[in-house]
Structures are given as structure tokens and as C-alpha cells.
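The next block holds one structure in the form of C-alpha cells; read it before the comments.
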Amino acid sequence: MRKMIIALLAVGGLAAQPTLAQDAEKLFQSKACAACHAKAMKMVGPALQDVAKKYAGQDDAVAILVKSIQEGSKGKWGQIPMPPNNVTDEEATALAEWVLKQG
């Protein structure tokens, strides 16, 4: 019985991860991201397509974007700084992975 419960919890945990990734666009809209970024055009911040192109093929792209999302950044895209965002590690990772798919 214990093994069955552990297996069910593991499957449930795996099932929850894709949901967050699938809902990354909704997460993008619900956080402050959409106030400064759009998919295809530069606003206050760069277009998501441009971010995806800049980091395409980099092994550490997700980690770089997660850090920028959580801690903010300045000087990467001009003089206007990106403020830190109040997101969990999981949310930041889902957002970073989604942004990288916009290219």
C-alpha cells in the first residue's frame, strides 16, 4: 500500500509540472511581464522573440532568464532596468522556458 501511495504521489507531481509550463502564457499575463514586454514588438522591454533569438542555443539560457526574471537586470537591452519579479522558482522557470520558445 505504501509503495502505491508513493507511486501515485510521484505521478501526481509529474502531472503538475506540465500544467505550469502550459499555463506560462497565462502566468506571463498575470504578472507584471506584459506591462513591458510583448511577443513580437519592443515595448519598454525587448520583444520576447528577440530575447529568444539572443539566447537561442545557449545551454544556460533558462538559468540566465530565471535570474533576470527573479532578480531583475540592467544594461542587457539598453538603459531601462528590468525590476525583480515576485515569482517562485517554478514560475520563473516556466516563464523562461516559454520565452525561449517564442523565437
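Here are the numbers for this structure:
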{"item": "Selected residue (criterion: modelled with the highest pLDDT) from residues of the stretch 42-82 that are polar (S, T, N, Q) and exposed (fewer than 13 other Cβ atoms within 10 Å of the Cβ)", "result": "Q58"}
{"item": "Which listed residue is modelled with pLDDT of 55 or more, out of contact with any His (no Cβ under 8 Å at 6 or more places or on another chain) and surrounded by 10 or more Cβ atoms within 10 Å (Cβ to Cβ), from K39, K3", "result": "K39"}
{"item": "Residues of the stretch 77-103 classified as free of Cβ contacts under 8 Å to residues at least 24 places away in the same chain and touching a helix residue (DSSP H, G or I) at 6+ places or on another chain (Cβ under 7 Å), total", "result": "1"}
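The values are calculated or read from the model by the stated rules, or taken from the named source; none is laboratory data. Everything numeric here is computed off the predicted structure, so don't read it as measured data. Using ideal geometry, Cβ is built from the backbone for each residue, glycine included, and neighbour counts are taken over all protein chains shown.
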